[in-house]
Amino acid sequence: MRILAAASLAALIASPALSQAPAPPPPPFREGTVEASFVGTTGNSSTQSVGYGSEVIVRPTPWETRFKLGYVRNNVDGVTKAQAINGLARGQRKMWGGASFFAQYQFLADKFAGTNSRHTADAGISGQLVQTATHSLAADAGGGYSTDKRTAGSGVSTAIASAGALYKWKLSATSDFTEEARFVGAVPKGADWRYTNAASVAAKVDTVLSLKVSNTIRYVH
């Protein structure tokens, strides 16, 4: 519902201005980000939370390749209470108009959520639905295969159907809002599905550093 609301808001704001807003400049050939966070407390209890993330994008026309890595860990009184590692490798090639063919591989390890390791590979068609200087919305749909090794019970390997959307809103010259949602469902077991939503707001401090607040939801049905 959140990504649909964001998409609807983008459409309402962007539609009247589509004929007036200048075309956005082309993206750079290469870009990347690295982020890190740390929170520590002492007193009646001792807690420590660390996080790391990185993303690299390279655009050798007509291709675009993207690599992402994320890590988070939480310790309470020296005992690890949460730990997750996730990664993504994706390549896509422009085909016609705003449509592209994509193929990607994703990895997730989150033992505290019941997943020792999950490998997902899928491919399909993606498209740029909205592209202005302020708002952009891209979506994709495809299918593939996944293998899930769980901490309890037997693992599951199955064909999947997938769909995703990425919305970006440039709030100002120095800040932007991003929301990315993805749905993956087992085929033909429709009751076995997963939904991930990551929303963030980033504000530049200078030409290199930014402050970022983000929230990620992973739901397994």
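The values are calculated or read from the model by the stated rules, or taken from the named source; none is laboratory data. What you see is a predicted model; the values in this text were computed from it and never measured. A quick note on method: Cβ atoms are made from the backbone with ideal geometry, for glycine too, and the neighbour counts reach across all protein chains shown. Surface areas here come from the heavy atoms of the whole protein model, side chains and all, with no ligands, DNA or RNA. Shrake-Rupley method; radii C 1.70, N 1.55, O 1.52, S 1.80 Å.
Projecting the Cα atoms of Ser100, Gly70, Ser117 onto the charge dipole of the chain, computed from C-beta unit charges around the Cα centre, puts Ser117 farthest toward the positive end. Against the empirical 2.2 N^0.38 Å (N residues), region 24-88 has a Cα radius of gyration ratio of 1.62. Averaging the sequence gap over all C-alpha pairs within less than 8 Å and six or more residues apart, then dividing by the number of residues, gives the chain a relative contact order of 11 percent. Remark: region 147-152, residue by residue, has Karplus-estimated 3J(HN,Hα) of 10, 10, 9, 9, 6, 10 Hz, where x stands for each Gly or Pro and the curve is 6.51 cos²θ - 1.76 cosθ + 1.60 at θ = phi - 60°. Take the chain with all the other protein chains still there, run a 1.4 Å probe, and you get 61 Å² of accessible area per residue. Report summary: the helix-based calculation at 222 nm, which adds -39500 (n - 2.57) for every DSSP H run with n ≥ 4 and divides by the residues of the chain, gives -2000 deg cm²/dmol. Express in whole angstrom the spacing between the alpha-carbon centres of region 164-221 and region 90-155. First find each Cα centre; the distance between them is then 13 Å. How large, in percent, is the carbon and sulfur part of the accessible surface of region 43-92 at a probe radius of 1.4 Å? Using a 1.4 Å probe with all protein chains present, region 43-92 comes out at 56 percent carbon and sulfur.
Its alpha carbons considered, the chain gives a radius of gyration followed by a Dmax of 19.0, 61 Å. Whole-Hz Karplus values for region 93-99 come out as 10, 5, 10, 8, x, x, 8 Hz, taken residue by residue from phi with 6.51 cos²θ - 1.76 cosθ + 1.60 and θ = phi - 60°; glycine and proline positions read x.
When the solvent-accessible area of region 126-221 is split by element, carbon and sulfur atoms take up 62 percent of it, the probe being 1.4 Å. Inter-label distance, Phe112 to Thr207: 4.0 nm, where each label sits 7 Å from its Cα along the C-beta direction. Charge tally around Ala109: other residues with Cβ under 10 Å, Lys/Arg +1 each, Asp/Glu -1 each, net +2. Across region 55-162, Cα-Cα distances exceeding 19 Å account for 58% of all pairs. With a 10 Å cut-off between alpha carbons and a GNM built on the chain, which of Asp110, Asp148, Asp192 moves the most? Of the options given, Asp192 has the highest mean-square fluctuation.
Computed over the chain with a Gaussian network model linking Cα atoms closer than 10 Å, the most mobile of Asn86, Asn116, Asn44 is Asn44. Only Lys, Arg, Asp and Glu carry charge here, each on its Cβ (+1 for the first two, -1 for the last two); on that basis region 77-221 has a dipole of about 160 debye about its Cα centre. Cα-based radius of gyration for region 48-118, normalised by 2.2 N^0.38 Å, reads 1.49. Cross-link partners of Lys68 among lysines, defined as those whose alpha carbon lies under 22 angstrom from its own and excluding same-chain residues fewer than eight positions apart: Lys94, Lys111, Lys149, Lys168, Lys170, Lys204, Lys212.
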